[in-house]
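Throughout, read-outs are computed from the coordinates displayed, never taken from laboratory work. All values derive from a computational prediction rather than experimental measurement. Here the Cβ positions follow ideal geometry from the backbone for every residue, glycine too, while neighbour counts run over all protein chains shown.
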Amino acid sequence: MASETPTNHVSNIADDLARRYAKIRLIRRFEELLREQHEAGSVRGPLHLALGQEAVAVGACDGLRPSDQVVSNHRGHHHCLAKGASPGRLFAEILGRRDGYTRGRGGSMHVAVPELGLLGTNGIVGAGLPIAAGAAFGLAVQERDDVVLCFFGEGASSEGTLGETLNLASLWKLPLVLVCENNQYAELTPASQHVAGRVWMRAEGYDVPGEEVDGNDVEAVASAVGAAVARARDGGGPTLLEAVTYRWAGHYAGDPERYRPAEEVQEWVELRDPLVRAREPLDAASADAIDRDVERELEDALALALAGAPTADAELALDHYGSS
Amino acid sequence: MASETPTNHVSNIADDLARRYAKIRLIRRFEELLREQHEAGSVRGPLHLALGQEAVAVGACDGLRPSDQVVSNHRGHHHCLAKGASPGRLFAEILGRRDGYTRGRGGSMHVAVPELGLLGTNGIVGAGLPIAAGAAFGLAVQERDDVVLCFFGEGASSEGTLGETLNLASLWKLPLVLVCENNQYAELTPASQHVAGRVWMRAEGYDVPGEEVDGNDVEAVASAVGAAVARARDGGGPTLLEAVTYRWAGHYAGDPERYRPAEEVQEWVELRDPLVRAREPLDAASADAIDRDVERELEDALALALAGAPTADAELALDHYGSS
Amino acid sequence: MSTTAAVRSLKFWQALNEALVEEMERDAAVVLVGQDVAAAGGTYGVTRGLATRFGEARVRDTPISEAALAGLGVGSAAVGLRPIVEIMFFDFTTLAMDQIVQQAAKFRYFTSGRPLPVVFRTMCGAGAGMGAQHSQSLEAWFCHVPGLTVVMPSGPADAKGLLKSAIRLDDPVLFIETAALLTARGDVPDVDDHLVPLGVADVKLPGEDVTLVALGRYVDRALAAAEQLAGDGVSVEVVDPRTLQPLDLATLLRSVRKTGRLVVAHEAPVPFGVGAEICAAVAEQAFDALRAPVRRVGAPFTHVPVSQELAELRVPSVDDIVAAVQATIR
Amino acid sequence: MSTTAAVRSLKFWQALNEALVEEMERDAAVVLVGQDVAAAGGTYGVTRGLATRFGEARVRDTPISEAALAGLGVGSAAVGLRPIVEIMFFDFTTLAMDQIVQQAAKFRYFTSGRPLPVVFRTMCGAGAGMGAQHSQSLEAWFCHVPGLTVVMPSGPADAKGLLKSAIRLDDPVLFIETAALLTARGDVPDVDDHLVPLGVADVKLPGEDVTLVALGRYVDRALAAAEQLAGDGVSVEVVDPRTLQPLDLATLLRSVRKTGRLVVAHEAPVPFGVGAEICAAVAEQAFDALRAPVRRVGAPFTHVPVSQELAELRVPSVDDIVAAVQATIR
Ligand SMILES: Cc1ncc(C[n+]2csc(CCOP(=O)(O)OP(=O)(O)O)c2C)c(N)n1
Ligand SMILES: Cc1ncc(C[n+]2csc(CCOP(=O)(O)OP(=O)(O)O)c2C)c(N)n1
Ligand SMILES: [Mg+2]
Ligand SMILES: [Mg+2]
């Protein structure tokens, strides 16, 4: 296995605001380029885009160490990139190319890069929660002061794993930060029809601090998650945050979106774009420079990914057991 | 299948206080007699006694209609008797006799008497919760104004099914009353080690009313459950109650109970006996009369049960499919 | 199966949709719950129009809670409904196993004979391009559970008739719909009440030389293989068990006693799959008739990759089936 | 298996306990989580003394949350531990199937080769007198899952040696302990590091006439049956696969090629059980050697009743095995 260093150039920008903006920009453009690839028929498997939700991932991951762990879900490109995944290898994965992280066999929902502290996207809604608790337990036993951050959707909050994880993490004071990304829909169903009450309020019954945060404000997310991470590192136990955001794209690329009015989408896009908000504090020239850098990085990444051979039949049988 | 009418004579007592006392007395003596049977080696399978917890079952079930449904768990003799099960057939079941409700094949953890609105004890901790939600949904679809009452232990609150059930019941405003019987232990582990926060407080995050109640005070239980049942019948949706009580016996009959000090048990038995508390408002003569009646009923019941043949090999293959 | 009745050409999902409509019309106790089954009409259209037709009380979208979803089926059946529970992907039954296996399948035993009419509908197989956690064929697990009936139709006519029978059964049924077949077309008898009995295998093609048992979408591939082999003078009998539990062993054994040769084909990995039971039962009960080693054709013991093309490459082709049949007559 | 090394007589649970102690001594990454495993030392004593010896950080009582418990195993193994997860009864794995099947078994595939060393220990079978929801033998399910190793020892020596090997394996293992065997005694080699290799069957008794494959506690019954049959002049070879996935087919086939006859005995119900795979594989790969129909001996397709006596009546006896063997030589 090739050893891996964070391969987003944007991760190296020193200024906090600029770096976070750059990461948001990177994710936004990554997803847009992927959507183009999808429209062109080049994407293998389903595609859950995170357009509009970039600030949650960036705000949450920006302050993490490489040795901190992130557990993602079925909509996880933004989490991967925010934790330092290489856009080229991620493109390759999703496009079914040999240079992809799992050689293109796993695709968008099954990317894991343990050497980057990225324990994996996941096709099973809610399944990441106990895995994150397990990872936090593992770090604690090893007396590492690293933490685990777990993303899940508001739809996933209906899975039994949320309660089990909150209870266990609270009892054991695990170094765990749970970030519910409330993008207002689970597949084709609005949150009002599948979430009773509020997700963040479920923390209290387990003696866990819970808090709501504006998921489209990268600085707000960074500060809320930062406080939770600091508490977790200090042995203060878990936190549940609910980042309110909005899914700009359909549930999957190609979704006809009959279940919501176009005006609702438009309002979020026009009035609450996390990219626009992250750009505001920057001067236009340096923001433009970032945009150009991002564009170049992604162009190279996509070209590299597409230059790789499609995943072949021969790769299917690999990696089922240690001996294979 | 023999048709079944509630077969506790005590159910026919008109006065509320006297009837509730009589039911508590019936359960207390039923469990004590079973314990004797167990000590004599006559009980097939594990035996989870509800000694000390009688008031929860009686307070909760006393106001129910026969057509209301009760979902019980692995420690459920008190629930069964409180909902009107025949002590004789219950003895027979637990003693592995043919007259038992499942012919003695299910035993203590697998008794169901649908014709009494008793959907079953259950060997799987937490499994009754979604079944209860399902039953409540079924009643609602049929436009019956019956309700479902589900008992579960504080240990069961750690299973994912609690959150799933609270969420669903709240969204659909199901006629469901969840009664957590917090007897302070799950098997050999004290609640402090397996329950974070408080069970009743988990309701709020799902927009469900939650409340704590003294589980050893039958009148307090009856009034809290009564209010919840009334709300559920009226379309007001579910309630979560936590009835605080104490398990007098070991987790199972024969448990050496190394995990708790004898003084702790003694304190609950001597100072907070639900039977003593339910007896207080009655005059001694009528209470004594009840005691005698109960004794006679149970004597007959046990004799009848023991007169039946033990469940035989031939019964094993029955009732797997409709065609069998 | 030939019939003189008129037929209509329907897609698999349409046939299922008709079965649901007819049974919901017939019996007000039939309800349907699942993720995105109501407003959206199902991810693949199977439940389209039902919510409008039968109202919100009987057709409900649920939260993402597979265990509770299955429990809804158990509890509501226990009080008199005939619920149909849709668990979107077969793989997601891993979250509902307690309710299906420990609760539903044992209810009748624990109640000395009370019915529990619940149908768990789910979708199996590669072909939706969803990868290793959304593509499995786990039918063998459920066939190992006393108290469950397991059904896997191979085409629209059987799909409709079997689903209607499943809804009317008084015991829990796992009804498996194959993702790759949902848009396939087939003739469906145009009769008032098209029922296909549970527990009865169907000889899709009579033949003399080799018995080829095929499951789900492998029935079409088996028929294609048989056609190819007929050209070489090999007469293949294609048998579709349709119901996997209980298996119609009588029909399977009758066929093998005639042909003396057995090949089983399915999409699930070979080891410990349904093919194992069929081969074992034949080697036990029709050994003397067997003239060649039994053969199993199925996926290799690996996970399902994400892309549809790769997933297709992983599972056996018509050529693989032809080769297996030929191996038995060599 | 004969050995010249000194032996000590241990109960099954003591052998398991020793394996746990030795591996936890050997490697600080080994941890143990489960319900009542720490303070109480396990419901059946298997984990006795571990919490005191290795401390609360490494031996932990968990809440009653089987899904999270399995997730603890997956997540902690992913960051470098070698967790042992105790799921009290086999039946309770129905609550943890997603984590075991969809997460643990696929981790290496999704990470292009990263290890996930987690052992799920669980207890199977009738004999604890617990009834239909606490007595199942579900091993066949897990044998159908690529990525899992499934182990089922039949006595203390194998139990110890296999558990130690399982803990050292870099992939997920389901380790099945038979309730009815936990207090059974057996000789365990008195050596420093008693390891039994995974994936290697053991010929418990060599013989010539019939191959009798037995699982878990059926190994003892198979040996008793063999002894009885020896009196009638029938020489039985008793083979214990020990590891059920991957099956040591080479050893099984070698035996059947020698004897020409196969009987498989286990406690799980016959249909779709492990016996099906073994019979099918033999009918496929050693057909020419077979001189009689294969035979399976197992529980009927029914639930487990609560009483120990009844549960025992339900499962096959030594006489049933003898009869099956005799049927193959008639
Ligand atoms: C256990 C499980 N149930 C159902 C699905 C199908 N499914 C995929 S994504 C999704 C919606 C998830 O909603 P949410 O958690 O809010 O995440 P979002 O898609 O909005 O990011 C569903 C139901 C699944 N993948 N896993
Ligand atoms: C799913 C499941 N996990 C574990 C067990 C084993 N078990 C039986 S009773 C019990 C304790 C339950 O505690 P609680 O819910 O508080 O009920 P109590 O016994 O105190 O009445 C456990 C862990 C089980 N039966 N089912
Ligand atoms: Mg969402
Ligand atoms: Mg308790």
I need C:Val219, A:Val71, B:Val276, C:Val37 ordered by Cβ neighbour count within 10 Å, fewest first.
B:Val276, C:Val37, C:Val219, A:Val71
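Calculate, in nm to one decimal, what A:Glu299 and A:Ser223 gain on full extension: separation in residues at 0.36 nm each, minus their alpha carbon distance.
24.2 nm
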Measuring nothing but label to label, 7 Å from Cα along Cα→Cβ, what are A:Tyr259's distances to the other copies in nm, shortest first?
4.3
Cross-link table B:Lys83/B:Lys173; C:Lys11/C:Lys258; C:Lys106/D:Lys106; D:Lys11/D:Lys258; D:Lys164/D:Lys204, entries beyond 26 Å C-alpha to C-alpha
C:Lys11/C:Lys258; C:Lys106/D:Lys106; D:Lys11/D:Lys258
If one compares the long axis through the Cα atoms of helix D:156-168 with the longest principal axis of the Cα atoms of chain D, the angle in degrees, nearest 10, works out at 50 degrees
What relative contact order, as a whole-number percentage, does chain A give when Cα pairs under 8 Å and 6 or more residues apart are counted?
23 percent
Where along chain B is the Cβ that lies nearest the axis linking it to chain A, and how many Å separate them?
B:Gly160, 1
Output the Kirkwood hydrodynamic radius of the range D:1-48, Cα pairs only, in Å rounded to one decimal.
12.2 Å
What percent do you get for the relative contact order of chain C when only Cα pairs under 8 Å and 6+ apart count?
17 percent
As a percent rounded to 5, the proportion of antiparallel DSSP bridges among beta bridges in the protein assembly as shown is 20 percent
Pull out a ≥ b ≥ c, the square roots of the eigenvalues of the alpha-carbon gyration tensor of the range D:44-100, then state rounded if a/c is under 1.5, prolate if not and a/b is larger than b/c, and oblate in the remaining case.
oblate
Based on DSSP H runs of at least 4 residues, each adding -39500 (n - 2.57), what is the mean residue ellipticity at 222 nm of chain B after dividing by all its residues, to the nearest 500 deg cm²/dmol?
-12500 deg cm²/dmol
Between the DSSP loop rule and a limit of at most 10 other Cβ atoms within 10 Å, which chymotrypsin sites (Phe, Trp or Tyr not before Pro) in the range B:170-215 are left?
none
Note on the range D:99-165: contact order normalised by length, alpha-carbon pairs under 8 Å, 6 or more apart, percent, works out to 24 percent
For D:Gln326, go 7 angstrom from Cα along the Cα-to-Cβ vector, then report the distances to that same point in the other copies in nm, smallest first.
4.8
Angle between the Cα long axis of helix C:249-259 and the longest principal axis of chain C, 0 to 90 degrees, nearest 10?
20 degrees
Please sort by residue number the GluC sites (Glu not before Pro) in the range B:236-268 whose DSSP state is loop and whose Cβ has at most 16 other Cβ atoms within 10 Å.
B:Glu257
Local electrostatic count at C:His194 - Lys and Arg +1, Asp and Glu -1, tallied over other residues with Cβ under 9 Å:
-3
Does a label point 7 Å from the Cα of B:Ser286, set along Cα-to-beta-carbon, have any residues of the range B:201-242 with amide nitrogen under 17 Å, and which are they?
B:219
With the Cα gyration tensor of the protein assembly as shown in hand, give its eigenvalues times 5 under a square root as the equivalent ellipsoid semi-axes, listed largest first in whole angstrom.
43, 41, 32
Expressed in angstrom, Rg and Dmax over the Cα atoms of the range A:96-158 are 13.4, 38
Taking every residue of B:109-116, the Cβ atoms of other protein chains inside 10 Å of its Cβ average out to 5
Output row for A:Glu211: copy-to-copy label distances, label 7 Å along Cα→C-beta, ascending, in nanometres, one decimal, is 3.4
Given H placed on each backbone N at 1.01 Å, which residues far from D:Ala39 in sequence or on other chains put an amide H within less than 5 Å of it?
D:Asp61
What residues have an amide H closer than 5 Å to that of A:Gly100, excluding those fewer than 5 places away on the same chain, when H is modeled at 1.01 Å from N in the peptide plane?
A:Glu93
What is the dipole size for chain C, taken about its Cα centre, with +1 at each Lys and Arg Cβ and -1 at each Asp and Glu Cβ, in debye to the nearest 20?
360 debye
Stick to Cα atoms and the Kirkwood definition of Rh, then tell me Rg/Rh for the range A:230-324.
1.11
The answer for the net charge of residues other than A:Ser286 whose Cβ lies under 11 angstrom from its Cβ, with Lys and Arg +1 and Asp and Glu -1, is -3
Give the whole-number value, in cubic angstrom per residue, of the convex hull volume spanned by the C-alpha atoms of chain B.
132 Å³
Quick one: the Cα spread of the range D:19-170 along its three principal axes, in angstroms, biggest first?
43, 35, 32
Gyration tensor (Cα only) of the range A:237-292 to equivalent ellipsoid, semi-axes in Å sorted down, yields 26, 20, 12
Cα gyration tensor shape for the range A:210-275, rounded if a/c is under 1.5, else prolate or oblate
prolate
In whole µm²/s, the translational diffusion coefficient that Stokes-Einstein assigns to the range D:1-87, given a Kirkwood hydrodynamic radius over C-alpha pairs, 10 °C and 1.306 mPa s, equals 116 µm²/s
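How many times 2.2 N^0.38 Å is the alpha carbon radius of gyration of chain D?
Details: Rg = 19.3 Å, N = 330, 2.2 N^0.38 = 19.9 Å.
Scaled against compact globular proteins, the figure is 0.97.
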How large is the Kirkwood hydrodynamic radius of the range B:1-73, in angstrom, based on all distinct alpha carbon pairs?
13.9 Å
Quick one: P(r) of the range A:125-211 from all Cα-Cα pairs, 5 Å bins, percents rounded to integers, in order of increasing distance.
3, 16, 26, 24, 16, 9, 4, 2, 0
A correct fewest-to-most ranking of D:Leu262, B:Leu271 by other Cβ atoms within 10 Å would be B:Leu271, D:Leu262
For the Cα atoms of chain D, what angle does the longest principal axis make with the long axis of helix D:318-329, in degrees from 0 to 90, nearest 10?
50 degrees
Chain lengthening between D:Ser9 and D:Ala327 when straightened (0.36 nm per residue, less Cα-Cα)
110.8 nm
Counted neighbours (other Cβ, 10 Å), sorted fewest up, put D:Val79, C:Val236 in the order D:Val79, C:Val236
In order over the range A:195-207: 3J(HN,Hα) from phi, Karplus 6.51/-1.76/1.60, θ = phi - 60°, whole Hz, x for each Gly or Pro, gives 10, 8, x, 10, 4, 5, 6, 6, 5, 4, x, 10, 6
